[in-house]
Every structure is written in structure tokens, then in C-alpha cells.
Amino acid sequence: MLGRHAYAWGLAATLGMAQLGCAVNVDDGERFREPIPEASQVSLALPGTTATSAAPDTLAFGTEAEHAKFYEFTRAMTDGVDGVTRAILGSIWIVVHTRPTTVGNHEATWGPGADNALAPVVWRLKVTEVSDGVFDYQLDGRPKSSSSEADYLAVLKGRGYGRKHAEHRNGFFIVDNDAAKKLDPARNHDQGTTKITHHLSSWPATLAVEIRPTPAPNWADITVTHVQDGAGAVDVSAFTDIEETNKDGKLEDIVMHNRWNKTGAGRADVQISGGSVPVLVKATECWSSSFERSYYTDNAGLAPTSGDPASCAFPDAKF
């Protein structure tokens, strides 16, 4: 499905930045660290399972899997959003906890530098206070062979808030996949932008992702919500070709609302329309706390109805 690989733009870009400093320090750049969330703060996960089955390549409505298909899909989507957000912000967190190269009244800079002698890109991270307690941060890269300021490309831009600000632990960042690809095409293959907005200051905690590939009209929005007791939800809205292989170029509208309670038992309501889908398809799947399918039905006869609707952790349909 669109977006499952949209985050893998070469995390070495940020991981490599960790080499620009020498050790963790407490210094006069401390307040420029405050707007960057800790990696542990974005460690939001769907209740786990010992199942090893991979995420489905498409939104096919099969009944063969022992574990619930849409549970697996939900888990994959949640892990993708949580994991990549954690990796990116965690990497930047490591960088800002090294001694900055320069510190001014309203800006701190780490770099420029490269992660190793073979790296084709030189990286620089800047954190700028744009108003009282409001900070913008930006990861720039330029070819290693260049010494020109004009050759820097912004690969990541974000906003966060200082510890005394009411919005502390909230914010967003945008990854420019086109810039990353231009700087290092051997590692980076995605196009367009990925924006991740994080709200971590209170429960429920949310991560919202907007995926906008270029130049195709495809898009996807994913919101992962977690509440304090372990329950949560994943909402997906997308316009994409649901076929992973033998794509026909026709784009379908896809809407999913997946919920789980604190035991892990959950429900997925799915709706697909347009493109190569001749009728509006609505499907519901429920799973138990052991993540096994307890109920399935759809309105198009794509797979037999099975299980008991009374087993659903959530009795009401989203749509």
C-alpha cells in the first residue's frame, strides 16, 4: 500500500549526524534541546503478539490467516508510524545532546560534518528560536564535494516548543524525500514529502502522518492514537491503487478505522470505493485479545461471513 516505504528515505542522514559531536554534554546550548522530543516519548506501540506473519501486500479480503488480517495490517501501520518517528526524532535527540558547534542568542548549530569518509553528503542541524519558547529545527545536506552555502538542501524541517511553553512536547516535522533522493540517490528512492505531527503533551497521544508522493496524485493520511491504559486506534484515509502487483493505474478511495481496547482485542471497519472496485465495499473484522479473528463480514461477498458479531470488542460500526 502507498506509504509503507515512504519513510525509508535513508535514516543514515540523521543517524550520521550523531558523529558530528563527541560526547553527551551539558552546555549553553541546553535550551535548544528542549523542543526535540525524547525517543522514549514517541515509543507508542500496538499491543504485541508472537505472530510473525508479515503485513499484507494489499487490502485483500482473505480468510486464510490464523491471525486477523486487519489486526496485522493495523499493527504494521502503527509500527511504521511509531517506529520511523522514533528513529528520526531519536537520531536528532542524540545529535543535540552532543556539544553544538556554535551557539548564539537565538540559534544553535551542529555540524557541518559527515558520518564517515565514504559518505557523499555533509550534514548540518540548526535549531532556531523564532519567538519566545518556539523553535524551528532544520536538517540540511550538501554534496561532500561542495563548500557552497547555496548547495545545502533542507531534508527535514520541524517545529517544537521549549519546556516552559504550553505546547511543549507537541510539534511537527516534514521530510523532503525529493531532497534526500537528490543528495544520495543510491540510498533514497522515495518522492514527495512526509509530514509527521506529534501531540505528546497529554493523553490521548497522537502521531499524524501525511504522505504526499510526487508527481503522482496518490496520497495517504494515517493517524495513530494511544490512550493511557493501552487502548488506541489507527485511522487511515488514502487515494491509491490497492493492487501491489499488476497495477491498473486506477486509484481507489480507502478508509479504515481500527480500534483496540487495553487487552488488545479490537475491530477494523474498512471501506473501499472507486477505481477498479465496481461497488462500494464495506468490511468489518474483529479480533480477540490473542489477535485471532473472531468475526468477519463484508457486503460484497469477497469472503464468507464467519464468527460471532457479539464477540467484537466494539459493537458499533464506524460507517
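For this structure, a couple of remarks:
- The range 152-158 - phi-based ³J(HN,Hα) in whole Hz, Karplus 6.51/-1.76/1.60, Gly and Pro as x: 5, 10, 7, 8, 9, 10, x
- Summary of packing: across the peptides 213-220, 174-181, the per-residue average of other C-beta atoms within 10 Å ranks them, highest first, as 174-181, 213-220.
- Listed peptides 89-100, 266-277, 307-318, 228-239 appear in the order 89-100, 266-277, 228-239, 307-318 once ranked by packing, highest mean of other Cβ atoms within 10 Å at the front.
- Backbone phi angles across the range 92-109, fed through the Karplus curve with coefficients 6.51, -1.76 and 1.60 (θ = phi - 60°), yield HN-Hα couplings of 5, 4, 4, 4, 5, 9, 9, 6, x, 5, 9, 9, x, 5, 10, 7, 10, 10 Hz in residue order; Gly and Pro are listed as x.
- Amide H contacts under 5 Å for Val155, placed H, 5+ residues apart: Leu139, Asp140, Gly141
- Pairs exceeding a 22 Å alpha-carbon distance, out of Lys195/Lys318; Lys69/Lys318; Lys157/Lys250: Lys195/Lys318; Lys157/Lys250.
- Residue order, fewest to most beta carbons within 10 Å, for His106, His165: His106, His165
- For the range 145-257: rounded, prolate or oblate by the Cα gyration tensor [a/c cutoff 1.5]: oblate
- GluC sites (Glu not before Pro) restricted to the range 175-274 and DSSP loop, no more than 15 other C-beta within 10 Å: Glu244
- Karplus (6.51, -1.76, 1.60) ³J(HN,Hα), θ = phi - 60°, over the range 198-215, in Hz, Gly and Pro reported as x: 10, 10, 10, 7, 7, 8, x, 8, 9, 10, 10, 10, 10, 10, 10, x, 10, x
Readers should treat all values here as calculations from the given coordinates under stated rules, not as data from a laboratory. Bear in mind that the values here come from a model prediction, so they are computed numbers and not experimental data. Virtual Cβ from ideal backbone geometry, glycine too; neighbours counted across all protein chains shown.
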